[in-house]
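Trainee: Quick one: structure below, then a few questions.
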Amino acid sequence: MASNRIAYPAMLTLKQQGIRMPEELALVSFNNEPSAALFSPTLTSMAHPIPAMAQETVRLLLAQLEGDSPTEPETRIFDAELIVRESSMKKQPSAV
């Protein structure tokens with residue numbers, strides 16, 4: 001798993017080495033940049049809820065500035081979504 005900036009050169013290198021995706025190796029990125037859908041094969045990616053993460057960050061920062069922050073560290077968990085594309089999908093046998 002890597003960012004698109006690392007995944008794309010990796011895909012090119014794998015192709016040059018004759019390694020077929022996804023038949024021999026599946027590749028997944030973690031940031032779901034729009035370019036992931038333009039790669040060949042298209043790149044499976046994790047999509048993160050950036051607006052919700054940013055909103056929670058601002059809320060926590062404002063609470064801290066107002067002296068209203070917790071004394072113990074807190075954990076926030078955000079749901080991510082796996083966007084499955086060709087780089088990790090087994091190709092279906094063609095119908096005869």
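The values are calculated or read from the model by the stated rules, or taken from the named source; none is laboratory data. Because the structure is predicted, anything quoted here is derived from the model rather than measured. Here the Cβ positions follow ideal geometry from the backbone for every residue, glycine too, while neighbour counts run over all protein chains shown.
Trainee: I'd like the full set of residues that are of a type in the set (Asp, Glu), within 24 Å of Asn4 (Cβ to Cβ) and either at pLDDT below 90 or outside any strand (DSSP E or B) (or both), limited to the range 70-96.
Mentor: Taking the range 70-96 and keeping what is of a type in the set (Asp, Glu), we get 72, 74, 79, 81, 86.
Adding the requirement that they be within 24 Å of Asn4 (Cβ to Cβ) leaves 79, 81, 86.
Across the range 70-96, the qualifying residues are Asp79, Glu86.
Trainee: Would you pick out the residues in the range 61-93 that are loosely packed, with under 10 Cβ neighbours inside 10 Å, within 30 Å of Pro22 (Cβ to Cβ) and of a type outside the set (D, E, K, R)?
Mentor: Ile77, Gln92, Pro93
Trainee: Test Ser45 against the stated conditions and say whether it is of a type in the set (S, T, N, Q) and part of a helix (DSSP H, G or I).
Mentor: In short, no.
Trainee: Can you find a residue in the range 55-69 that is touching a strand residue (DSSP E or B) at 6+ places or on another chain (Cβ under 6 Å), touching a residue at least 12 places away in the same chain (Cβ under 8 Å) and not in a strand (DSSP E or B)?
Mentor: no
Trainee: What about Ile19, is it within 15 Å of Glu86 (Cα to Cα), free of Cβ contacts under 8 Å to residues at least 24 places away in the same chain and surrounded by fewer than 19 Cβ atoms within 10 Å (Cβ to Cβ)?
Mentor: For Ile19, the condition - within 15 Å of Glu86 (Cα to Cα), free of Cβ contacts under 8 Å to residues at least 24 places away in the same chain and surrounded by fewer than 19 Cβ atoms within 10 Å (Cβ to Cβ) - is met.
Trainee: Please state which one of Ala7, Ala36 is assigned to a helix (DSSP H, G or I), farther than 15 Å from Met89 by Cα and among the small types (Gly, Ala, Ser).
Mentor: Every option except Ala7 fails the conditions.
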